[in-house]
Amino acid sequence: MTANAPRTAGRHFLQIPGPSPVPERILRAIAMQTIDHRGPDFARLGLGVIEGMRSIFRTKGHVVIYPASGTGAWEAALANTLSPGDKVLMVETGHFATLWKTMAGKLGIEAVFLPSDWRAGADPAAIEAALREDKTHSFKAVCVVHNETSTGATSRIDEVRKAIDAAGHPALLMVDTISSLASVDYRHDEWGVDVTVAGSQKGLMLPPGLSFNAVSEKALAASKTATLPKSFWGWDEMIASGKSGYFPYTPATNLLYGLDEAIRMLHEEGLENVFARHIRHGEATRRAVAGWGLENLCTNPKHVSPVLTAVVMPEGHDADRLRGIILDAFDMSLGTGLSKVAKKVFRIGHLGDINDLTLVGTLAGVEMGLSLAGVPHKAGGVAAAMAYLAETRKPAA
């Protein structure tokens, strides 16, 4: 037998941009005994989480819950609404937008990509211009990632909706909120979104394993004539079964227990308070980055993400080496740079069930790690964040 590794005291700091740490209340809920998924107790659970997710999406429409990762919900959005050879307009906001485009191609969909430098969210003017040029309305959908987890840029979906309307284009609007839902203000109905994609492991504070589609009546109508193959992902059976609280196949019962508790926790805090907390923590993190003399990858102040900050490394310094040193020294995980920005950035996650002290501990670990790794920086980033958190902290009720 090999010797056990030495125990590390204290908890691990999981400060990647998701999965986010799972609160004890949710872990306890998940640990409950599994029940009959065809019995009346499950029906009450199923109806409760579907209605609860409507409140999180801010929709009165259909919500479908899959036992799958967010990637599954991407596929469901495309497969239910489109046919082979259809064209969609997508925006290259980062790594995950690129993966969604790649999936579309594998499904036989022609995806036209609006390029970007990965340093901002979607450009509504570019979307409007592309749609105005589409005189025959060949684009069947516009697909946008709300919060691009690889870059720390959040697109303004309300402005994207206005751009589509200004162009007079009938395309569906599909939005990936996998890393933003329940952390960033989002309004499926008000913003005229047709399909919203989400996952369980970020703002919803659950382990990975559940994903979601929120579906408009326009999208549901499109699904009646769409011919891409689908079985597991089909909305019809899911929506029909969901009306009585059930699934057409075996559901992830224990994750649904956790989802029920997560929805309860979000409403106990109040969604507006949740959003304000994330905005505040994002600003504190950016002040720390500026205090270190480092650069935020997202350069558009209007698009800076409330849930993560991607930090650009000084020239000649490897972000993954820094991450490794911080993990070894302080038992803290930070997000890696992906594809185009691999080794060039590290990502600080500040989403989910975290508070001021969690964030300060995270930033202290980064500042100490920068010193240990010999990365050129200024001292005082943590102090700048602390000063902002102190001056913006509301007194306890």
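Looking at the range 63-187, the accessible area is 31 square angstrom per residue; that uses a 1.4 Å probe and ignores ligands, DNA and RNA. Against the chain, whose longest principal axis comes from its Cα atoms, helix 271-291 is set at around 40 degrees. Angle of helix 40-57 to the longest C-alpha principal axis of the chain, folded into 0 to 90 degrees and rounded to 10: 70°.
Expressed in nm to one decimal, what extension gain is obtained for the pair Glu190 and Arg7 from 0.36 nm per residue of sequence separation less their Cα-Cα distance?
60.8 nm is the gain from fully extending Glu190 to Arg7.
Take the alpha carbon atoms of the range 97-151, find their center, do the same for the range 18-90, and report the distance between the two centers in whole angstrom. Centre-to-centre (Cα) distance: 24 Å.
Run through the DSSP bridge list for the chain and note the antiparallel percent, rounded to the nearest 5. Intermediate results must be reported in sequence, preceding the final value.
Details: 22 of 42 bridges.
Around 50 percent of the beta bridges assigned by DSSP in the chain are antiparallel ones.
Extension gain, Ala383 to Ser69: 0.36 nm times the residue separation minus the Cα-Cα distance gives 109.2 nm. Within the chain, the longest segment free of exposed loop sites, counting trypsin sites (Lys or Arg not before Pro) that fall outside DSSP classes H, G, I, E and B and have at most 10 other Cβ atoms within 10 Å, spans 225-392.
Extension gain for Thr102 to Asp117 (0.36 nm times residue separation, less C-alpha to C-alpha distance): 3.6 nm. Looking only at GluC sites (Glu not before Pro) in DSSP loops with at most 14 other Cβ atoms within 10 Å, what is the longest site-free stretch of the chain? With GluC sites (Glu not before Pro) excluded where exposed in loops, the chain gives 1-189 as its longest stretch.
At a 1.4 Å probe, what is the % contribution of carbon and sulfur to the accessible area of the chain? If you can, show how the numbers build up before the last one.
Working: 9290 of 16520 Å².
Here carbon and sulfur together make up 56 percent of the probe-accessible area.
Each label was represented as a point 7 Å from its Cα along the Cα-to-Cβ direction; for Ala166 and Asn355 these points are 4.4 nm apart.
Taking the chain as the reference, fit the longest principal axis to its C-alpha atoms, fit the long axis of helix 253-269 to the helix C-alpha atoms, and give the angle between the two in degrees, 0 to 90, nearest 10. The answer is roughly 70 degrees.
Given R₀ = 41 Å, what would the calculated FRET efficiency be for Glu237 paired with Arg132, taking r from the Cβ atoms and rounding to 0.05?
Working: r = 38 Å, r/R0 = 0.93.
My answer for the efficiency is 0.60.
With a 1.4 Å probe rolled over the protein heavy atoms of all chains, the accessible area of Ser231, Ser241, Ser339 falls in the order Ser231, Ser339, Ser241, largest first.
The values are calculated or read from the model by the stated rules, or taken from the named source; none is laboratory data. Owing to the predicted nature of the structure, the values given are computational and were not obtained by experimental measurement. Glycine also receives a Cβ, built like all others from the backbone with ideal geometry; neighbour counts cover every protein chain displayed. Protein only, heavy atoms only, side chains kept; ligands, DNA and RNA dropped before computing areas. Shrake-Rupley method; radii C 1.70, N 1.55, O 1.52, S 1.80 Å.
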